[in-house]
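This report refers to the structure that appears directly beneath it.
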Amino acid sequence: MGVSTNAGNKQVSMNGVEVAFQSENVGVTGCIGDGTIAVNSQNKEAIMSLPILVVYYSLGGGTRHLADEIARGIDSIDGCEAWLRTVPKVSAVSEATAPQIPPQGAPYVTLDELQCCGALALGSPTRFGNMAAPVKYFLDGTSSLWLSGSLIGKPACVFTSSNTQHGGQESTLLSMMLPLLHHGMLLCGIPFSEAGLAHTQSGGTPYGASHVAGADNQAKLSRDEAALAFAQGQRLAKSALKLNR
Ligand SMILES: Cc1cc2nc3c(=O)[nH]c(=O)nc-3n(C[C@H](O)[C@H](O)[C@H](O)COP(=O)(O)O)c2cc1C
């Protein structure tokens, strides 16, 4: 896709994924993801919104409900736009491949989107106190971005859903932070100024939003879980805007 825009007094043609405007009063990076030009600069003509990726894996819906609240929090901040994305299942049969577009729900995330996002929220169900294999598999496929240092300095946060309250949510959240730290990302937790952290009777941790789905995986997000996920989305978006100023 080729796009032309006027950045300051410069005519800039955008044919690739990442666009860097080199001008004294216009210091921006931008990208073309799903057809949106997203830039952050003082150049009002080029500004649309800063994409914040919300990438998650969810089979039963618990992690997805958190992702939706985080996305609402992101979208409530002017200048930011949440892009909800998922990752495919990992198959035990190595020949099996997923269709490029999932039959329903969020599209699969691409490395291009990760490269040009303003920030990342990453979510996984708790699996034996750790992230689910599809999320780890996706992260293991990001070495090209590690080599290019593309994610260095971008803010990130993590979230999870589990059956039980003491079933390893915090270790899962910490496990998800490790690869993001290797990428040089700046991790945002949830500060105790969020009242829900002290009140919650189920999920919600300083390490990231969480949901206790119950033994049958049917529990809805509690008010505190939803409020904390929303606040985490807002915090991530505000951090991204400040860092991209
Ligand atoms: C292989 C496997 C391991 C799991 N390990 C844990 C666990 O360690 N602690 C826990 O509370 N729940 C565990 N669960 C339950 C899931 O974390 C829980 O159902 C979660 O809400 C699923 O998220 P989802 O609805 O987004 O798919 C496990 C589930 C599976 C399939």
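Data overview
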| read-out | value |
| --- | --- |
| Where Cα atoms sit under 28 Å apart: lysine pairs in segment 49-243 separated by 8 or more or lying on different chains | 9 |
| Whole-Å semi-axes of the ellipsoid equivalent to segment 184-245 (Cα gyration tensor, √5λ, descending) | 25, 12, 10 |
| Fewest-first sequence of Phe128, Phe138 by Cβ atoms within 10 Å of each Cβ | Phe128, Phe138 |
| Full-stretch length increase - Leu59, Asn217 - with 0.36 nm per residue and alpha-carbon distance subtracted | 55.9 nm |
| Residue exposure sequence - Lys220, Lys238 - by fewest surrounding Cβ within 10 Å | Lys220, Lys238 |
| Taking His211, His166 and counting other C-beta atoms within 10 Å, the order from fewest to most | His166, His211 |
| Kirkwood Rh in Å, taken over segment 49-243 so that all alpha-carbon pairs contribute | 16.4 Å |
| Nonlocal amide H pairs with Leu84, under 5 Å, H built at 1.01 Å | Val54 |
| Whole-Hz couplings from phi, Karplus 6.51/-1.76/1.60, listed for segment 78-89; x for Gly and Pro | 4, x, 10, 9, 7, 10, 7, 9, 10, 10, x, 5 |
| Whole-Hz couplings from phi, Karplus 6.51/-1.76/1.60, listed for segment 62-73; x for Gly and Pro | x, 5, 5, 5, 5, 4, 5, 5, 4, 5, 5, x |
| In Hz, Karplus ³J(HN,Hα) per residue of segment 191-204 (6.51, -1.76, 1.60; θ = phi - 60°; x = Gly, Pro) | x, 6, 5, 7, 4, x, 4, 7, 8, 4, 9, 9, x, x |
| Ordering of 117-125, 149-157, 98-106 by packing [mean C-beta count within 10 Å, highest first] | 117-125, 149-157, 98-106 |
| Relative contact order (%) - criterion: Cα under 8 Å, at least six apart; region: segment 72-136 | 28 percent |
| Label-point gap, in nm, between Ala198 and Ser144 - each point 7 angstrom along Cα→Cβ | 4.9 nm |
| In nm, spacing of pseudo-spin labels at Lys89 and Asp112 (7 Å Cα→C-beta vector) | 2.8 nm |
| Cut-off under 5 Å, modelled amide H: who pairs with Gly118 long-range | Ile52, Leu53 |
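Read-outs throughout are calculated quantities, based only on the coordinates presented, and are distinct from any laboratory measurement. These numbers were taken from a predicted model, which means no experiment stands behind them. Heads up, the Cβs are rebuilt from the backbone with ideal geometry, glycines too, and the neighbour counts pull from every protein chain shown.
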